[in-house]
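To keep things clear, I will list the structure first and then write my remarks on it.
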Amino acid sequence: MTRNFLTLLFFLFSICSIGQTSIVGFAPEFIGKEANVYIIEDYITYKRKKVGNAIVEAKDSSFHISFDLKEINKAVVEIENIIGYLYVDVDKKYEVIFQPKSKEAKRLTENEIVLSFLNLSESDINYKILAFDMWVDDFLFKHYYKSNINTNNVKSDSLKDKSSKSAFYAELDTFKMYVDEYYKNESDVFFLNYIKFSVAQLDNIHHSKMSNNEGIKRFETYLKDVPVYYNNEKYMNYFKFFFSKYFSTLPSMYQAQIDTAIAHASPRELWKALSFDYRLRNPQHKELLMILALGESHFSLAYDYGDAAIIMLDSLTEIARVPENKIIAQNILNEITSLLPGYPAPVIALKGDDGKPKTWYNYEGIHIYVSFFETWCTECVKEMRIIKAMNERYEGAVKFVSICTDSDPEKYAKFRKDHPDFNWDFYHVAGNKNEVMNKFKVKDLPAYFLIDQDGFIVQAPAQSPIPDGEGETVEETFEEIVKALRYRNE
């Protein structure tokens, strides 16, 4: 009876702790466009979670988006391929102006702008962070960067010798004293941790590689007996910095045991092998460190663990004790395996000219040659003329799919009208353009990918329809697919 009552209380508390947060934006240059809001799901991979969307209204160029929120977090407002950041708190309303600079050079992928706030209270987390960051920037400008700017318009590091470093850290100690005094009555835990780990980063500004004594001092000052603040970007960035290249910094006497645990692809063995490190007495720290180090080892040439890191991360998505660590493990795993041959193609929602939604499952049983393009891309159109011939030649063996990421639906409609001979499957993604391009890591156009009959990646990026530097094209792969089909049908 008591247990059931406590469970009910916990459930009710969990519900009550979630509140509605709203963003009212004004985007006069984007009337009729879709605005999306995302929350940063974790500060290791910066994976975003979509929480709401709305159309920018014609009457006043506004959009209104409300969503559930359980704690302070960083949000992303996105329209087309332009994004702006703000912090959002539970049960708060934010008014922002979403307006890019008129002469700003636009990249193919995301372009970041600074949001302007309306009616922002001095007690709001954004106001506090903006004010504190300005203070930090002023300190760095005066005491870390030279007063002059070099010919490349880049501020250069001024701590070239021991005396200048000593002078900097003396100024930093004074800065810390002023910060402590100014914020002595501050009660916002999120903001206090933002301050603490901003200062921690300043403390390590010239310590990319710390000695053992320096490392112990920093750990005792900033991380010992401190829980993991998963929703605080400054904390997570400091944790990543402090434990970066972890496996390569271990004493040789422990390295063999670590290597054996990873060779066995066993998270439990690795957990035991790390017992020597007193900095990992906090189970939260230890589990998060394991996930970070395994992810880092996969991308480093210094390690030769094969697929062991992937297998262990996959296990940790299930057995990790901390829910947030499960999410991070899954996001790192997705990042590692995304677009790797033999792994599932990124899932995206497509809508064809007929308005019907489709996914890769609609193409089950046949290879898909996917191309990304935009209507202004003359090279894309040139290569489509080759794809047209391929579409006829490999009918029944390969399905051709072209995805337009042009933000203007009218330009896409005109393109389709001007090219009726391009008679394979076309899709237009505009509102979720960034999401689609990020999933496929598209940096330039045209971009090609080959997916097999079960929805797994074959080539990413795939070869082009035109010859590469060695005179090879994707047609050679198509011929192999045709041969395999013949052999299977015999």
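Assorted remarks:
- Those residues of region 403-461 which are in contact with a Cys (Cβ under 8 Å, 6 or more places away or on another chain) and in a helix (DSSP H, G or I), in sequence order: Tyr412, Phe415
Okay, residues lined up against (1) under 28 Å from Asp408 (Cβ atoms); (2) crowded, with 16+ Cβ neighbours inside 10 Å:
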| position | (1), (2) |
| --- | --- |
| His285 | no, yes |
| Glu318 | no, no |
| Val347 | yes, no |
| Tyr361 | no, no |
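- Within region 392-414, residues that are in the same structural domain as Lys483 (by TED's automatic domain parsing) reach partners that are part of a helix (DSSP H, G or I) and polar (S, T, N, Q) with beta carbons closer than 6 Å, at six or more positions or on different chains, in the pairs Phe400/Asn391.
- Single condition Asn237 does not satisfy, out of (1) surrounded by fewer than 17 Cβ atoms within 10 Å (Cβ to Cβ); (2) assigned by TED's automatic domain parsing to the domain that holds Tyr305; (3) modelled with pLDDT of 95 or more: (2)
- Single residue of Leu274, Leu288, Leu292 found to be free of Cβ contacts under 8 Å to residues at least 60 places away in the same chain and either hydrophobic (A, V, I, L, M, F, W, C) or at positive phi (or both): Leu274
- Members of region 26-59 that are farther than 17 Å from Asp89 by Cα, within 14 Å of the chain's Cα centre (by Cα) and either polar (S, T, N, Q) or surrounded by fewer than 16 Cβ atoms within 10 Å (Cβ to Cβ) (or both): Thr45, Tyr46
- Residue ranges of strands (runs of 3 or more DSSP E) in region 1-81 with at least 3 members at pLDDT 95 or above, farther than 30 Å from Asn193 by Cβ and small (Gly, Ala, Ser): none
- Check on Pro323, under 29 Å from the mean Cα position of the chain (by Cα), at pLDDT 95 or above and farther than 25 Å from His428 by Cα: yes
- Cβ-Cβ contacts under 9 Å between residues 6 or more apart (or on different chains), taken from a first residue in region 476-489 that is charged (D, E, K, R) to a second residue that is modelled with pLDDT of 85 or more and surrounded by 10 or more Cβ atoms within 10 Å (Cβ to Cβ), are listed as Glu476/Gln463; Glu479/Tyr394.
- If the condition is being among the acidic types (Asp, Glu), in a helix (DSSP H, G or I) and over 12 Å from Ile44 (Cα atoms), then region 219-234 contributes only Glu220.
- The strands (runs of 3 or more DSSP E) located wholly in region 88-188 that include 1 or more residues which are under 21 Å from Lys74 (Cβ atoms), modelled with pLDDT of 95 or more and within 33 Å of the chain's Cα centre (by Cα) occupy 93-97, 116-118.
- Enumeration of residues in region 340-356 that are over 21 Å from Gln459 (Cβ atoms) and either within 26 Å of the chain's Cα centre (by Cα) or among the basic types (Lys, Arg) (or both): Ala349, Lys351, Lys356
- Members of region 236-261 found to be closer than 30 Å to Val76 by Cβ and free of Cβ contacts under 8 Å to residues at least 60 places away in the same chain, listed by number: Tyr238, Phe239, Phe241, Phe242, Phe243, Ser244, Lys245, Tyr246
- All conditions but one from (1) at pLDDT below 90; (2) among the hydroxyl-bearing types (Ser, Thr, Tyr); (3) surrounded by fewer than 18 Cβ atoms within 10 Å (Cβ to Cβ); (4) not in a helix (DSSP H, G or I) apply to Ser244; the one that does not is (1).
The values are calculated or read from the model by the stated rules, or taken from the named source; none is laboratory data. No experiment lies behind these values; they were computed from the predicted model shown. Quick reminder, even Gly has a Cβ in these numbers, built from the backbone with ideal geometry, and neighbours come from all protein chains shown.
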